[in-house]
Structures are given as structure tokens and as C-alpha cells.
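Chemist: The structure that follows is given in the form of C-alpha cells.
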Amino acid sequence: MSVARRLLGLFRELQYRMYGRSFVGVMSPGDVCSVEDRTPGLTHGDVVHPCVRYIEDGFEGHKWWMVYTPYYAANASLENPILCYGDSETDEAPKRWSFCYVIQPQQSRGYNSDPTMFFRDGRLFVFWRENETPRTDAFHCCRATFGGEVKAGKLVPFENPLLVEPLNYEDRETCPTIIPSDGSYMSYAMHLRFFSSRLRSMKGVLGKLLNRCAVVLDLLGVCSQQKSYGIAIWTGDTLQHSFSYKKTVRFKGVNKLYRPWHMDFFDYDGVRYAIVQTNQSNADLCLAKSTDGETFTFFKKPLITNRTIDMVGIYKPTALVVDDVFYLYYTAQDKDNRALNKLYMTKMSINQILNSVQ
């Protein structure tokens, strides 16, 4: 380990203690998953942004489905959504995933990200986010969420984007989750500011110096151009037309060192839960709950931390409860290979989880 990394580790140790950020999560690292890769020389079996859904009666012969994107060596051109199915010899969530097909190929310009999916009335729908692509240009925006329906082994795309973000440095549709709601639909997405427009517009030596200082301060967790405003809520009556942005609600009970970045949602026993990646880098995975479907409050203890699993690069999780068992899928990097993101699955009784994170 380099001297710089050791110093950073010591600084974070002190910082964690000052702000009460927990070092240890309540869940084990779990097991690494096997995900079939049809282009191993290019994508190297890399997995980020998993979204896993369980369909009790099955869909096209399978109960477990996942959509994800590769992101090997942080190469955004590889970040193209892939649909998979998983089968298990028991009733547990699968650790082996089989390739189905690429949902959205590489763009001629810009890139894809943040896939999600849901099942309703015997139909499976997949969505993903596009960033500065020809299609976002056509709809006069910087970023948008597009999607379609899975039918007979292919995706039938919808013509219009579901969520539309015109702003350059801000996004209200990061990592969206679409949820059917009383005959209509809603979407939760992270509302983020990526950069300060004022700082980015500064030119010359001073501008370069201030931007470099901002990167260092962000690494130290002192301050950041990036802002996490909370959960953006969108609503719509149909998947064929764009949703309307309703409002942004802040998380409650968030540690001061957290800037929530990506998330997924699930319902259990009449309560809606968010599983949250707490920072873009140096993240924990935490659970939050809401009784009104809008205001989400963090539980005190994290589910997963870097120290707990002895890995780095924790990224967007996905979670669900089946037969009172809480299944958590997440991605992380080995310390000796930061270019490769692997998929892991860990599990615990949902009642034990809820008792442990209090």
C-alpha cells in the first residue's frame, strides 16, 4: 500500500470517529456470482448496476431476472444493458446467471447507464438511462431514461423517453426505479448535481488550480462540487409518454459523510424500503424505510462496508425479500484489481436484518 493510501486511511479513520460513521456492516460479504459473458475479451465478466427481480409465476420459463451493465476499467462505452436470467436448484436466489441478450448496444456518441426493470400483469419491462446520445439530442435534453417491453426474446422499444433531464450539470433521473402504483406509475431516482457550473466555467491557471483542489477535497470527504439532494419523484399514467417530475424529498437520518449516489427499492409487509449506495466512492450500503412512500429514513447501521467485506469499490446494490429472506446483490472490486467489478450475493432473514440495523 502506498504512503498516500495509508495517510488517506488514517484520515478516514479519524473522520469516521468524529462523525459517527460505522466501520462495520451487519451482513457478511456473501458469495461471488457467476455471470455468463459473451464478450470476455472486451468486458472481462465485469458487472455494475445490477437490478434483480423475482417473478413468482415465472416469465419465459424463469423466475429470476437481472439486467446490468459492464463497466470494465471504468470504460463508459461498455456500459450497455444486458438481460440475464438465473435458475437455482433450491428456492434461494441464484448465484449463476445466464446471458439472454444485449438490451441496448453501444451508442455512436455518449453512453448508456443505470438499467432497471419491473414485472406487471405478465409483462416484463426494462429501462435504462442515456447520457448525451443522439436520442437525447433528438428530445432536446442532456440525459433521459428510455425503455421497452421484453417480448419473445427481444426488446420492443417505446418511442418516447420516460424521464427527461435538460440540465447539463444536474440530473433528477439518476439510477431510476419504476414502480406500478394504483393503475398508474411512479419513479424514484436520485437527484444529483455533478459539478458546480461556476467552478467549471472558470478558466486559466486559477480555474485549473481550484478544480484540482476540489478533487482533493472531495477525495478527503471535506467538501464536494457534487451534491445529493435526495429522491426525485416522478409520476405518469402510461409508459408510452414521459412522466412528470413531482418533487425531490431529502433522506432523513443521513450521516454527514454520506452523499447518496445510487439506490433500489423493494416492498415488504406494507413498508417501502430503499437500499442505498451512500457515496459515489468509498461507499457503504445502507437501508432506509418509508411508511408514506415519499420520506425515507436511514437505519443507523450499514448493511455492508468496505472493512466488513475487505474489498473496495462498492457500487449500486439491488435487493428483494422472498419468503422472508432478504437477498442483497452488490458489486465490488478486489484490492489487487481495481479495473474489475464482480457481483456478490449475501442473504439474511429480513427480521434479523431489521433488528440488526436499528
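Chemist: Considering only the stretch 280-303, how many residues are at pLDDT below 95 and surrounded by 21 or more Cβ atoms within 10 Å (Cβ to Cβ)?
Modeler: 0
Chemist: Scanning the stretch 18-52 for residues that are open to solvent by 40 Å² or more (accessible area, probe 1.4 Å) and charged (D, E, K, R), which turns out farthest from Phe99 (Cα to Cα)?
Modeler: Looking at the filtered set, the residue picked out is Asp31.
Chemist: Could you run through the stretch 314-358 and say how many residues are closer than 30 Å to Thr43 by Cβ and either of a type in the set (A, V, I, L, M) or in contact (Cβ under 8 Å) with a residue 12 or more places away in the chain (or both)?
Modeler: Adding up the residues that qualify gives 28.
Okay, residues lined up against (1) modelled with pLDDT of 95 or more; (2) closer than 22 Å to Ala332 by Cα; (3) open to solvent by 70 Å² or more (accessible area, probe 1.4 Å); (4) not hydroxyl-bearing (Ser, Thr, Tyr):
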position	(1), (2), (3), (4)
Leu219	no, yes, yes, yes
Tyr229	yes, no, no, no
Ala232	yes, no, no, yes
Gly236	yes, no, no, yes
His241	yes, no, yes, yes
Tyr245	yes, no, yes, no
Arg250	yes, no, yes, yes
Val254	yes, no, no, yes
Val276	yes, yes, no, yes
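Chemist: Then there is this: Can we say Leu167 is modelled with pLDDT under 95 and open to solvent by 10 Å² or more (accessible area, probe 1.4 Å)?
Modeler: yes
The rows are residues; the columns are (1) farther than 19 Å from Gln226 by Cβ; (2) basic (Lys, Arg).
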residue	(1), (2)
Ser242	yes, no
Asn255	no, no
Ala274	yes, no
Ser281	no, no
Ala288	yes, no
Lys301	yes, yes
Asn306	yes, no
Gly313	no, no
Thr318	yes, no
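Chemist: Among the residues of the stretch 314-358, which ones are closer than 24 Å to Tyr71 by Cα, at pLDDT below 95 and either among the charged types (D, E, K, R) or in a loop (DSSP other than H, G, I, E, B) (or both)?
Modeler: Residues satisfying the conditions are Asp334, Lys335, Asp336, Arg338.
Chemist: Here are Val322, Val312: which of them is surrounded by fewer than 20 Cβ atoms within 10 Å (Cβ to Cβ), under 30 Å from Gly148 (Cβ atoms) and among the aliphatic types (A, V, I, L, M)?
Modeler: Val322
Chemist: Which condition breaks for Asn160 when tested against (1) at pLDDT 95 or above; (2) assigned to a strand (DSSP E or B)?
Modeler: Of the numbered conditions (1) at pLDDT 95 or above; (2) assigned to a strand (DSSP E or B), the odd one out for Asn160 is (2).
Chemist: Let me ask something else. Give the residue that is surrounded by the most Cβ atoms within 10 Å (Cβ to Cβ), with candidates limited to residues of the stretch 96-137 that are among the aliphatic types (A, V, I, L, M) and out of contact with any Cys (no Cβ under 6 Å at 6 or more places or on another chain).
Modeler: Ile103
Chemist: Follow-up. Does the stretch 138-161 contain any residue that is open to solvent by 30 Å² or more (accessible area, probe 1.4 Å), within 25 Å of Gln225 (Cβ to Cβ) and of a type outside the set (Phe, Trp, Tyr)?
Modeler: No, that holds for no residue.
Chemist: Taking Lys300 as meeting all but one of (1) in contact (Cβ under 8 Å) with a residue 40 or more places away in the chain; (2) assigned to a strand (DSSP E or B), write down the number of the exception.
Modeler: (2)
The values are calculated or read from the model by the stated rules, or taken from the named source; none is laboratory data. Predicted model only: the values in this text are computed from it and were never measured. Reconstructed Cβ throughout: ideal geometry from the backbone, glycine too, with neighbour counts over all protein chains shown. Keep in mind that these areas ignore ligands, DNA and RNA; they rest on the heavy atoms of the full protein, side chains included. Shrake-Rupley method; radii C 1.70, N 1.55, O 1.52, S 1.80 Å.
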